[in-house]
Amino acid sequence: MKKNTLVMIGGFAIAGAILLLLLAATPASSGVELKLKELVENGEKYRENYITVEGLLIEESIKWNADEILLEFEVQDEEGNRLRVSHQGVRPDNFSEGVIAILQGFIQEDGTFEAETVKTRCPSKYEGEDMENYDPEFHKDKLDKSPEEGTD
């Protein structure tokens, strides 16, 4: 065989191996993102899927077993739909009431969500207000002051 043919075959083999590794290492790309209500009502429909779902953490439901590194808890949505979650792994640092838990994993036959990853997001109290409540005059007054004026 010619040298160019061998180089092309080797290049295609390397590119194919990289593509195969990327597909195998990213299960979320083949998963679905669901609302908590949809998962609770139709869990059996999504049993074979890798699922991303989020909900508000219910603090009194947290059970942490440090010996087995097992975290069990419940999340709920605004409508009161609740989901039991089991996670074999470390407990996130800011795992407390009002935190939004972002979960990725699979739904089990008994309706428990087996989370492979558990991430948290700050509660909505830290988000900005709606633009309809924006008062441009308030900010205009703040911008009009020079730095010397504001240091009384």
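Structural remarks
- With a Förster radius of 41 Å applied to the beta-carbon distance between Glu59 and Ala17, the computed FRET efficiency rounds to 0.35.
- Cα pair distances in segment 56-108, grouped into 10 Å bins until the bin that holds the longest one, percent each: 23, 60, 16, 1
- Overall form of segment 1-84 per C-alpha gyration tensor (a/c, 1.5; a/b vs b/c): prolate
- Global geometry of segment 32-126, whether rounded, prolate or oblate, following the gyration tensor of its Cα atoms and the 1.5 cut on a/c: oblate
- Counted by Cβ distance under 13 Å from His87, the other residues give a net charge of -1, where Lys and Arg count +1 and Asp and Glu count -1.
FYI, it's all coordinate maths here, none of it is from the lab. Just so we're clear, the structure is a prediction, and the values are computed from it rather than from any experiment. Reconstructed Cβ throughout: ideal geometry from the backbone, glycine too, with neighbour counts over all protein chains shown.
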